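Please read the structure below before turning to the comments.
The values are calculated or read from the model by the stated rules, or taken from the named source; none is laboratory data. Keep in mind that what you see is a predicted model, and the values were worked out from it rather than measured. Glycine also receives a Cβ, built like all others from the backbone with ideal geometry; neighbour counts cover every protein chain displayed. For the accessible areas, the whole protein counts, side chains as well, though only heavy atoms, and no ligand, DNA or RNA atoms are used. Shrake-Rupley method; radii C 1.70, N 1.55, O 1.52, S 1.80 Å.
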Amino acid sequence: KRMTKPIKETPYSPMNGTSFPLFPISMYRATINLNHDLIAQFCRDLVSDIHDPNLKTQYTTYFSKEAQEYTEEREWFKDFSDIIKDSYVDWLMGEMSQDFSSLSRNDIHLFAWINVYNAPHSHDCHNHPNSLISGTYYVKVDKHSSPIKFYNPNPASTCFPMGHSHDYEGQDNMNNIIINGFGHHQHEVFVNPTEGEVLMWPSYLNHMVPQYEGEHDEDYERITISFNLYHNRPIDSNKTGRNLDYSFLRK
């Protein structure tokens, strides 16, 4: 079609185009129906018994197999495990078209650990290798608790100039979230979950927990249970060639 006016008469001449999000990352968010007060007291007691002098590790049971096994024996943890595994299945079936019809709960690996943050504690930027989905159950938090901070996995995103948008409150499950960036172009995301919430995300996402910066340091407490998940998946073309039992490699 002929233009109605010569371009020189309309210097601002954008096309009538559209934009769409590319390579989006999904996060799961829900509230778990458990006795948060009972679980919080269990977490306090268990972590206080570890007596780790290292500030970087004294708040967690991650490095104590004995504490993990003791936790797994509790009835509330069995409920927690069932709910988390079922939610993992439901999310991956709907979001990623995974087929779980030939599996049972015991085919899903759940590794969980307790964290009791006080004012001096923080967790540096990291992700979770050897896992598919990671997450956290927020046992005891409030509006003053340190957030969990996620980073865009594309490092080049920080080179793209853009404005800033923090107006996500109340929009499509985006409560208590602050985003540095604009629209779909996000550099960093801060999430302040409420008590009883569960977040799950792809394990490759880098994230961290900053140190508490508020008042009344002596009373600060942030209790969470973090976890990693993955499941058995069938292996194709695993019977090519001649079989060999690798048990001889055991020392």
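Within region 42-59, work out how many residues are farther than 15 Å from Lys140 by Cβ and surrounded by 13 or more Cβ atoms within 10 Å (Cβ to Cβ).
Of the residues in region 42-59, the ones farther than 15 Å from Lys140 by Cβ are 49-58.
Subsequent filtering for residues that are surrounded by 13 or more Cβ atoms within 10 Å (Cβ to Cβ) retains 50, 52, 57-58.
Summing the residues that are farther than 15 Å from Lys140 by Cβ and surrounded by 13 or more Cβ atoms within 10 Å (Cβ to Cβ) in region 42-59 gives 4.
Within region 73-102, can you find the residues that are acidic (Asp, Glu) and in contact (Cβ under 8 Å) with a residue 40 or more places away in the chain? Walk me through how you get there before you give the answer.
First, the residues of region 73-102 that are acidic (Asp, Glu): 73, 75, 79, 82, 86, 90, 95, 99.
Within region 73-102, Asp79, Glu95 meet the criteria.
Hey, does region 1-24 have a residue that's in a loop (DSSP other than H, G, I, E, B), modelled with pLDDT under 95, among the basic types (Lys, Arg) and within 21 Å of Thr136 (Cβ to Cβ)? Can you show your working first?
Taking region 1-24 first, the residues in a loop (DSSP other than H, G, I, E, B) are 1-6, 10-24.
Filter once more, keeping what is modelled with pLDDT under 95: 1-6, 10-24.
If we keep only those that are among the basic types (Lys, Arg) as well, we get 1-2, 5.
Filter once more, so that each one left must be within 21 Å of Thr136 (Cβ to Cβ): none.
No: region 1-24 contains no residue that is in a loop (DSSP other than H, G, I, E, B), modelled with pLDDT under 95, among the basic types (Lys, Arg) and within 21 Å of Thr136 (Cβ to Cβ).
Could you check region 90-192 for strands (runs of 3 or more DSSP E) lying wholly inside it with 2 or more residues that are out of contact with any Cys (no Cβ under 8 Å at 6 or more places or on another chain), at pLDDT 95 or above and loosely packed, with under 15 Cβ neighbours inside 10 Å? Don't jump to the end; show me each part of the working.
Values: elements: 108-117, 123-126, 133-140, 148-151, 177-182, 185-191.
So the answer is 123-126.
Please find, within region 198-251, the residue that is least open to solvent (accessible area, probe 1.4 Å) out of those that are part of a loop (DSSP other than H, G, I, E, B) and among the aliphatic types (A, V, I, L, M).
Initial filter on region 198-251 (part of a loop (DSSP other than H, G, I, E, B)): 203-206, 210-216, 220-221, 232-245, 250-251.
Filter once more, keeping what is among the aliphatic types (A, V, I, L, M): 205, 235, 244.
Working: Leu205: 11, Ile235: 124, Leu244: 98 Å².
Of everything passing the filter in region 198-251, Leu205 is least open to solvent (accessible area, probe 1.4 Å).
Would you tally the residues in region 60-69 being buried (at least 18 other Cβ atoms within 10 Å of the Cβ) and under 30 Å from Met174 (Cβ atoms)?
1
Within the bounds of region 77-88, is there any residue that is of a type outside the set (D, E, K, R) and open to solvent by 60 Å² or more (accessible area, probe 1.4 Å)?
Step one: list which residues in region 77-88 are of a type outside the set (D, E, K, R), which gives 77, 80-81, 83-84, 87-88.
Then drop every residue that is not open to solvent by 60 Å² or more (accessible area, probe 1.4 Å), which leaves 83.
Yes, region 77-88 has at least one match.
Which residues, taken from region 16-74, are closer than 22 Å to Lys85 by Cα and of a type in the set (Lys, Arg)?
Scanning region 16-74 gives Arg29, Lys65, Arg74.
Condition check: out of contact with any strand residue (DSSP E or B) (no Cβ under 6 Å at 6 or more places or on another chain), open to solvent by 80 Å² or more (accessible area, probe 1.4 Å), hydrophobic (A, V, I, L, M, F, W, C) and in contact (Cβ under 8 Å) with a residue 24 or more places away in the chain. Does Leu38 satisfy that?
yes
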